[in-house]
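Novice: First the structure, then my questions, so here it is.
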Amino acid sequence: MTDTSTVIITISDALAQQGYETLTPVQIAVSETELEQSDLLVSAQTGSGKTVGFGLAIAPNLLGDETVFEAASAPLALVIAPTRELALQVKRELTWLFAKAGAVLASCVGGMDSRDERRTLARGAHIVVATPGRLRDHIQRGSIDMGALRAVILDEADEMLDLGFREDLEFILGEAPKDRRTLLFSATVPRAIAALAKQYQKDAVRIATTSETSQHSDIEYRALSVAPRDSENAIINVLRYYEAPNAIVFCNTRAMVNRLTTRFSNRGFSVVALSGELTQTERTHALQAMRDGRARVCIATDVAARGIDLPNLELVVHAELPSNFEILLHRSGRTGRAGRKGVSTMIVTPKSRSKAQRLLKMAKLTAEWADAPSAENVTERDQIRLLNDRTWSEPVADHELGFIKKLTELYSSEQIAAAYMRLYLDRKSAPEELDAAPAKNARKPKVEFGPSVWFTVSQGHDQGAEPRRLLPMVCNAGKITKDDIGAIRVQAKESYIEIRQAIVEEFQNAVGPEGKLEDNIRLRKLDKAPDMDKIQHPTRPDYLGNKVPSKSPSDGRKHSGEKAKSNHGERKAKPNFTENRNPRDVQTERSLPDPRPERSRPDSVVTLIKSSKTNNNKLSQEYKKKSEAKGNLKTISGKTSKADGYKGKPVETKKAEPAPLFKGKESGFSKSKKPFSGKVKGSTRKPKESSSNISTGDENRYRAPANDTSKRFVPPGGNKIPKRRKSAAQGKSDNAATSARKPKVSKGPNAVPRRPKQK
């Protein structure tokens with residue numbers, strides 16, 4: 001025992017009563033005397049006794065120099081676990097460890113009545129075991145007093161971060177006293193755990209047990225290859241092959257849990273389910289049924305992969321592969337705990353084989369690859385168990401002699417043995433017949449085809465012949481397999497097929513003397529192999545519809561690595577005339593006119609070009625005169641250019657004044673004066689001339705500025721501007737306003753008829 005267990009006699013007595021003769025390495029490491037006041041970051045494999053370990057670690061902080069606790073009031077220690085099952089299991093372990101010290105423990109987990117938990121906390125507790133979500137709820141409601149905490153323990157901290165409890169953990173640790181002791185226990189220490197420890201621990205001591213280097217040395221790993229449709233049947237055979245007292249089958253989804261639970265229950269297995277959709281009471285009853293022996297198989301999701309300790313659990317089956325190697329380790333860690341042996345089997349289909357290999361490699365595990373147990377293997381294992389049963393070694397009791405004598409008189413020894421074996425097997429579920437395991441990743445080695453004989457088929461590419469059509473046709477007609485056929489060469493008018501020489505005679509007898517395959521397709525034997533170099537390749541239509549060879553003939557075929565030659569021979573390199581020349585001479589030559597003659601054109605083309613140039617010049621001159629007349633172009637120092645495109649001496653031009661911006665009388669939009677919007681019939685008023693409303697060349701036409709929005713719609717036949725409608729507030733009725741805005745009706749075909757007055 002350690003120094004701590006020797007000093008605190010109540011803890012030492014509890015360990016002795018539970019059967020602890022020696023402590024595990026992690027329990028010894030965390031209970032050292034010099035680490036009593038230090039923060040710890042502990043990593044150890046599952047099943048190494050971490051729960052008892054952190055109980056021993058916090059015992060000096062909670063009890064001090066005393067051996068028993070005082071009356072319970074505010075909690076002294078807080079243990080946080082990721083799942084309900086693990087929290088309740090931790091509570092059970094700490095209950096017997098601190099039982100002789102008089103500790104009062106309380107639990108706060110989801111799925112339980114929070115009112116009962118508040119009443120328990122109000123009565124007082126020394127140690128509180130909780131899940132993150134429910135504990136945060138109690139803190140926010142003020143149900144728990146965090147002021148007296150001396151130690152906070154995070155069990156399976158990496159799992160809590162994976163489940164998304166980081167925010168809850170930060171809130172809880174922020175509410176705890178700063179002078180507390182913080183202990184983090186985890187199977188692995190990823191980067192997130194290290195960051196959390198650095199933020200909320202003070203000079204934490206890192207403890208890693210030596211057993212971590214060899215993961216799960218007490219667990220035998222087996223990877224079983226099965227056909228895709230035999231996954232569930234393989235699980236049944238695995239359960240029957242091992243006949244473990246307790247076994248867990250892990251699935252990835254709740255739907256798969258429900259499916260396997262229903263099927264295994266129908267097959268006679270005593271099963272229970274464990275998933276997140278069950279209430280806490282149902283999950284507790286399921287685990288208790290496994291401990292009591294009322295159930296032998298538990299089908300669960302990863303919610304049960306952390307901290308669940310079943311004493312008789314000897315088999316773990318991964319019905320579906322986990323998403324990462326850490327989950328694989330935690331699943332498998334449910335067996336092989338505290339020195340016990342266990343088996344972890346993985347059901348691997350061909351599609352998931354590479355994933356299984358990757359998981360094993362990342363977890364640094366070595367698994368035995370084999371086929372799933374067949375029905376014969378299960379039967380042989382049943383016979384071995386039957387022969388090894390201890391019933392054979394027990395003596396015959398006196399009250400059994402009478403019936404035994406009666407059996408021997410009625411039946412022979414063979415009949416009695418057969419009846420005993422049948423009765424034994426009737427209590428077991430029958431094994432499943434499995435398909436042969438698929439071949440491994442390696443392909444079949446390619447063997448030489450050997451001597452062969454060539455045949456020709458009277459159908460080619462032009463008639464729609466293809467290898468995928470000819471192969472089954474020849475196999476069916478000749479009663480052969482595809483392994484007896486070698487090469488198939490489809491040509492334009494016919495095709496060539498290579499047949500193994502050993503079965504040619506049987507092949508010809510099956511086809512018949514006429515060589516008829518299907519319909520009008522005939523088969524004929526060739527005396528020798530066809531000349532592949534002179535084979536005419538099938539044709540294909542080009543973009544014009546003409547048939548052209550799909551490949552170039554073999555005579556002119558370019559071999560790989562051989563450069564194609566041009567029809568004009570080898571291309572000569574261009575001579576470099578400027579090489580070794582004086583640069584000044586080269587520049588002079590470049591400035592000389594091009595000595596090459598012009599391309600000769602017909603006389604008609606030359607005449608057409610000259611006439612088009614002359615016409616273009618005349619058109620450009622006429623356009624220039626018209627533009628000058630309109631004012632679009634200006635003549636400056638003998639040069640004509642666009643006013644906005646001239647970049648020489650600036651020309652002073654009078655810019656058009658901008659349109660008024662509706663500012664009362666200045667813009668002409670006063671109440672008494674309406675804006676002028678064009679020539680009104682009968683009006684003698686002339687529009688004011690300005691650069692903004694007079695177009696050059698058409699002074700008699702009025703053009704309103706672009707920003708003048710005062711124009712109103714004038715109906716056809718009447719161009720009088722309608723008067724604005726006066727409101728009732730101005731003292732006029734609607735009828736008067738309506739009559740005021742009616743325009744005068746003009747004569748003509750477009751006149752608007754006036755509605756007759758109502759009398």
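The values are calculated or read from the model by the stated rules, or taken from the named source; none is laboratory data. Remember, it's a predicted structure, so these values are computed and weren't measured experimentally. Reconstructed Cβ throughout: ideal geometry from the backbone, glycine too, with neighbour counts over all protein chains shown. The protein model used for the area step is the full one, side chains on, heavy atoms only, and it has no ligands, DNA or RNA in it. Shrake-Rupley method; radii C 1.70, N 1.55, O 1.52, S 1.80 Å.
Novice: Quick one: 3J(HN,Hα) in Hz for region 189-195, Karplus 6.51/-1.76/1.60 with θ = phi - 60°, rounded, Gly and Pro as x.
Specialist: With the stated coefficients, region 189-195 comes to 10, x, 5, 5, 5, 4, 5 Hz.
Novice: How large, in percent, is the carbon and sulfur part of the accessible surface of region 27-134 at a probe radius of 1.4 Å?
Specialist: 48 percent
Novice: At 1.4 Å probe size, put Arg240, Arg522, Arg119 in order of accessible surface, largest to smallest.
Specialist: Largest accessible area first, the residues go Arg119, Arg522, Arg240.
Novice: Size of the dipole of region 104-171 about the Cα centre, Lys and Arg at +1 and Asp and Glu at -1 on the beta carbon, nothing else charged, in debye to 20?
Specialist: 540 debye
Novice: If you don't mind, another one. Say the dipole of region 231-278 comes from +1 at the beta carbon of Lys and Arg and -1 at that of Asp and Glu; which of Phe264, Ile248, Leu278 then lies farthest toward its positive end?
Specialist: Phe264
Novice: Work out the length of the dipole vector of region 361-404 about its Cα centre, built from +1 on the beta-carbon of each Lys and Arg and -1 on the beta-carbon of each Asp and Glu, and round it to the nearest 20 debye.
Specialist: Charge dipole, region 361-404, about its Cα centre: 460 debye, nearest 20.
Novice: Got a sec to turn the phi values of region 92-103 into Karplus ³J(HN,Hα) couplings, 6.51 cos²θ - 1.76 cosθ + 1.60 with θ = phi - 60°, whole Hz, x for Gly and Pro?
Specialist: Karplus-based 3J(HN,Hα) across region 92-103 equals 5, 5, 6, 5, 6, 5, 9, 5, 5, 8, x, 7 Hz.
Novice: A further question follows. Looking at this model, which pairs from Lys91/Lys341; Lys91/Lys361; Lys50/Lys100; Lys100/Lys202; Lys198/Lys341 are more than 28 angstrom apart at the alpha-carbon?
Specialist: The answer is Lys91/Lys361; Lys100/Lys202; Lys198/Lys341.
Novice: Counting every Cα pair in region 251-350, what percent are over 24 Å apart?
Specialist: In whole percent, the share of Cα-Cα pairs in region 251-350 beyond 24 Å is 16.
Novice: Here is a follow-up. Could you compute the FRET efficiency for Arg254 and Asp426, with r as their C-beta to C-beta distance and R0 at 30 Å, rounded to 0.05?
Specialist: For R0 = 30 Å, the calculated efficiency reads 0.35.
Novice: Could you rank the peptides 317-326, 149-158, 423-432, 368-377 by their average count of other C-beta atoms within 10 Å per residue, with the highest value first?
Specialist: So the peptides 317-326, 149-158, 423-432, 368-377, ranked by packing, come out 149-158, 317-326, 368-377, 423-432.
Novice: Can you pull the percent of region 270-345's accessible area that's carbon plus sulfur, 1.4 Å probe, other chains left in place?
Specialist: Ligands and nucleic acids excluded, carbon and sulfur reach 50 percent.
Novice: Give the accessible area for His461 in Å² (nearest 10); use a 1.4 Å probe, count only protein heavy atoms, and leave out ligands, DNA and RNA.
Specialist: 80 Å²
Novice: Return one whole number: the accessible area per residue of region 331-430 in Å², for a 1.4 Å probe.
Specialist: Solvent-accessible surface per residue comes out at 69 Å².
Novice: Something else now. Please sort 257-264, 185-192, 80-87, 56-63 by packing, taking for each peptide the average over its residues of neighbouring beta carbons within 10 angstrom, highest first.
Specialist: Output ranking for 257-264, 185-192, 80-87, 56-63: 80-87, 56-63, 257-264, 185-192.
Novice: Would you be so kind as to identify which of Ile153, Gln89, Ile127 lies farthest towards the positive end of the dipole of region 88-155, taking Lys and Arg as +1 and Asp and Glu as -1 on Cβ and the Cα centre as origin?
Specialist: Ile127
Novice: Moving on. Could you pull out every residue, at least 5 positions away or on a different chain, whose amide H is within less than 5 Å of the one on Gly486? Hs are placed 1.01 Å off N in the peptide plane, and Pro or chain starts have none.
Specialist: Distant-sequence amide H within range of Gly486: Glu498, Ile499, Arg500.
Novice: For region 76-81, take each phi angle, set θ = phi - 60°, evaluate the Karplus expression 6.51 cos²θ - 1.76 cosθ + 1.60, and give the result in whole Hz per residue in order, putting x for glycine and proline.
Specialist: 9, 9, 10, 10, 10, 10
Novice: Moving on to the next point. Can you give the FRET efficiency for Asp435 and Leu387, using 1/(1 + (r/R0)^6), R0 = 41 Å, r = Cβ-Cβ distance, to the nearest 0.05?
Specialist: Working from the Cβ atoms, E equals 0.85.
Novice: Which cross-chain or sequence-distant (5 or more) residues have an amide H under 5 Å from the amide H of Trp369, H modelled 1.01 Å from N in plane?
Specialist: So Trp369 has HN proximity to Ala223.
Novice: Pop a pseudo-label 7 angstrom from the Cα along the beta-carbon direction at both Asp462 and Ala195 and give the gap in nm to one decimal.
Specialist: In this crude spin-label approximation the distance works out to 7.3 nm.
Novice: Okay, moving on. To the nearest 20 debye, what is the magnitude of the charge dipole of region 7-126 about its Cα centre, counting +1 on the Cβ of each Lys and Arg and -1 on the Cβ of each Asp and Glu?
Specialist: Roughly 580 debye, rounded to the nearest 20.
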